[in-house]
Every structure is written in structure tokens, then in C-alpha cells.
Amino acid sequence: MITQDSSPVSLYGSGHQSGVYLLHIRLSRPAAVSFGRHNAGQGVALPEGGYLYIGSAHGQKGASALGYRLLRHTARSSKKPAHPIQADLAASLSAQGMIGKPPQRKTLRWHIDYLLDLESAEIVQILAWRTADRPEFALAARLNALPETAVISPGLGASDHPGSTHLLYIGKLGEGWEKAQGVFTSFVD
């Protein structure tokens, strides 16, 4: 595991440019977000508080590799400022021989992009596991089963896996983050 005391970025595993990750997101005020075509383009009400996003990147290089995908999440569209975690992430990735430069431009493509583009949304922690395995759906199912998580809108964040939800609410104070970390690391161990 690569991590530093009080570092908001934890990278597990080595040797792979692909993997699975968990984002801890804090929304500082309620928002109604249209997530592309999800929910027929209708806005989804998001309460203030903590969120989890479970994602994966299965490529070995370029835009489909884990490092690039994570850096893409920390960028925002237009001239909006990047998430503050971006510098820590870039340094951690670079130290591991993974891509360490964020994309120049970001267009909103995936459901999560619409939330992360809000300046009131901030990625506060990232857990990533470099692996060729594909545990994303099992991880999402385990996190969905926690009593501390709540589904905001069925199917949100998981358009490639019908019936699953990869964006979860964890409470106004983000109470479920510690349990979510435990679930994530149980996959790594």
C-alpha cells in the first residue's frame, strides 16, 4: 500500500495500470443535478453530505488507465478549478510510475462527471487498488448493503451494469466512510 500519514490518497497493489477505486465526495450544499440521460434527463435531488462512488478503469494506458481516470475525476469542465485533492493524487500516481498529469480539458461523459463538476462537490479521499481483477460490481453490492449507505437514484453511476448503483449517499456527516474503507480494504487483503 502507498499512503502517507493524513494523505487523502491511498493506492494499493502494484504492477497494473488498471484497477478499481472508491471516491469519498462531500457536497457542501443540496443540489439538483441532471446526470446526462439518467432519469430521462430529469434532475436528481442530492442532499448535502457525504457520497461514495465506486468505479473502475480497465485499460493499460491512456484515457482508460486507472491513473488517468482518477485524475480526470479531479478535473472540472471549462475554467472551473480542479478538486484540491488533484495535486496529492498526481504526486502519488507519479511516485508509482503511473500517469501524473491531469487532462487539459474535461467534457461531461459519465454520470459521476455531473456531480464532480459542481464547485460545491469535493473529492476528499480516494482509495484505489491496482489490479487486473474486476471486483467493481461485488464491491458496489457490498457497499449498497451497508446500513450507513442510501441509494439516491437506482442505476445512478452504473449505466454499464443495469440494476446496480455506484453512487451512494453516506449521510450529512459522512458517517459511513469508515465502514466503506473497511469494505474496500477487505477486497484488497
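Within region 59-74, can you find the residues that are of a type outside the set (Gly, Ala, Ser) and surrounded by fewer than 21 Cβ atoms within 10 Å (Cβ to Cβ)?
Within region 59-74, the subset of a type outside the set (Gly, Ala, Ser) is 60-61, 66, 68-74.
If the condition is that a residue be of a type outside the set (Gly, Ala, Ser) and surrounded by fewer than 21 Cβ atoms within 10 Å (Cβ to Cβ), then Gln60, Lys61, Arg72 are the ones that fit.
Of Leu108, Leu156, which residue is assigned to a loop (DSSP other than H, G, I, E, B), open to solvent by less than 70 Å² (accessible area, probe 1.4 Å) and closer than 21 Å to Gly49 by Cβ? Can you show your working first?
Numbers: Leu108 fails: closer than 21 Å to Gly49 by Cβ.
Just a single option satisfies the conditions, and that option is Leu156.
Can you tell me which of (1) surrounded by fewer than 16 Cβ atoms within 10 Å (Cβ to Cβ); (2) within 16 Å of Gly13 (Cα to Cα) is the one Leu89 doesn't meet?
So the condition that Leu89 fails would be (1).
Please go through (1) buried (at least 21 other Cβ atoms within 10 Å of the Cβ); (2) more than 19 Å from Val9 (Cα to Cα) for Arg142 and return the number of the only condition it doesn't satisfy.
Evaluating Arg142 over (1) buried (at least 21 other Cβ atoms within 10 Å of the Cβ); (2) more than 19 Å from Val9 (Cα to Cα) leaves (1) as the failure.
When you go through (1) over 18 Å from the mean Cα position of the chain (by Cα); (2) closer than 29 Å to Ser186 by Cα one by one for Ala32, which number turns out not to apply?
(2)
Restricting the first residue to region 5-29 and requiring it to be closer than 25 Å to Leu118 by Cα and open to solvent by 40 Å² or more (accessible area, probe 1.4 Å), which pairs with a second residue that is part of a loop (DSSP other than H, G, I, E, B) and modelled with pLDDT under 95 meet a Cβ separation below 7 Å and a spacing of at least six or different chains?
The qualifying pairs are Arg26/Gly174.
All but one of (1) open to solvent by 20 Å² or more (accessible area, probe 1.4 Å); (2) out of contact with any strand residue (DSSP E or B) (no Cβ under 6 Å at 6 or more places or on another chain) hold for Ala32; which doesn't?
(2)
Is one or more of the residues making up region 81-94 within 17 Å of Ile112 (Cα to Cα) and either assigned to a helix (DSSP H, G or I) or basic (Lys, Arg) (or both)?
Within region 81-94, one or more residues are within 17 Å of Ile112 (Cα to Cα) and either assigned to a helix (DSSP H, G or I) or basic (Lys, Arg) (or both).
Within region 111-132, count every residue that is open to solvent by less than 30 Å² (accessible area, probe 1.4 Å), over 15 Å from the mean Cα position of the chain (by Cα) and over 17 Å from Gly49 (Cα atoms).
1
Counting only residues that are in a helix (DSSP H, G or I) and of a type outside the set (Ser, Thr, Tyr), how many does region 111-152 have? Walk me through how you get there before you give the answer.
Here is the first cut: in region 111-152, the residues in a helix (DSSP H, G or I) are 111-116, 136-145.
Add one more test, that the residue is of a type outside the set (Ser, Thr, Tyr), and what stays is 111-113, 115-116, 136-145.
Number satisfying all stated conditions: 15.
Report whether or not Ser77 is over 14 Å from His111 (Cβ atoms), in contact (Cβ under 8 Å) with a residue 60 or more places away in the chain and loosely packed, with under 14 Cβ neighbours inside 10 Å.
Working: over 14 Å from His111 (Cβ atoms): yes; in contact (Cβ under 8 Å) with a residue 60 or more places away in the chain: no; loosely packed, with under 14 Cβ neighbours inside 10 Å: yes.
Spelling it out, it is not the case that Ser77 is over 14 Å from His111 (Cβ atoms), in contact (Cβ under 8 Å) with a residue 60 or more places away in the chain and loosely packed, with under 14 Cβ neighbours inside 10 Å.
Which of the following residues is within 22 Å of Gln86 (Cβ to Cβ) and part of a loop (DSSP other than H, G, I, E, B): Gly59, Gly55? Before the answer, list the steps.
Working: Gly55 fails: part of a loop (DSSP other than H, G, I, E, B).
Just one listed residue meets the conditions, Gly59.
Looking at Ser56, is it modelled with pLDDT of 90 or more and surrounded by fewer than 13 Cβ atoms within 10 Å (Cβ to Cβ)?
No: the conditions fail for Ser56.
Looking only at region 37-47, which residues are part of a loop (DSSP other than H, G, I, E, B) and surrounded by 14 or more Cβ atoms within 10 Å (Cβ to Cβ)? Show your work before the answer.
Residues of region 37-47 that are part of a loop (DSSP other than H, G, I, E, B), as a first pass: 37, 42-43, 47.
If the condition is that a residue be part of a loop (DSSP other than H, G, I, E, B) and surrounded by 14 or more Cβ atoms within 10 Å (Cβ to Cβ), then Pro47 is the only one that fits.
Quick one: what pairs do we get from region 125-145, first residue under 19 Å from Met98 (Cα atoms), second open to solvent by 50 Å² or more (accessible area, probe 1.4 Å) and hydroxyl-bearing (Ser, Thr, Tyr), C-beta under 8 Å, 6+ apart or different chains?
Close Cβ pairs (under 8 Å, with a partner that is open to solvent by 50 Å² or more (accessible area, probe 1.4 Å) and hydroxyl-bearing (Ser, Thr, Tyr)) amount to Arg130/Ser14.
The values are calculated or read from the model by the stated rules, or taken from the named source; none is laboratory data. All figures in this text were calculated on a predicted structure; none of them were measured in a lab. Cβ sites come from the backbone with ideal geometry, for glycine too, and all protein chains shown count toward neighbours. Side chains are part of the model used for accessible areas, which takes the heavy atoms of the whole protein and leaves out ligands, DNA and RNA. Shrake-Rupley method; radii C 1.70, N 1.55, O 1.52, S 1.80 Å.
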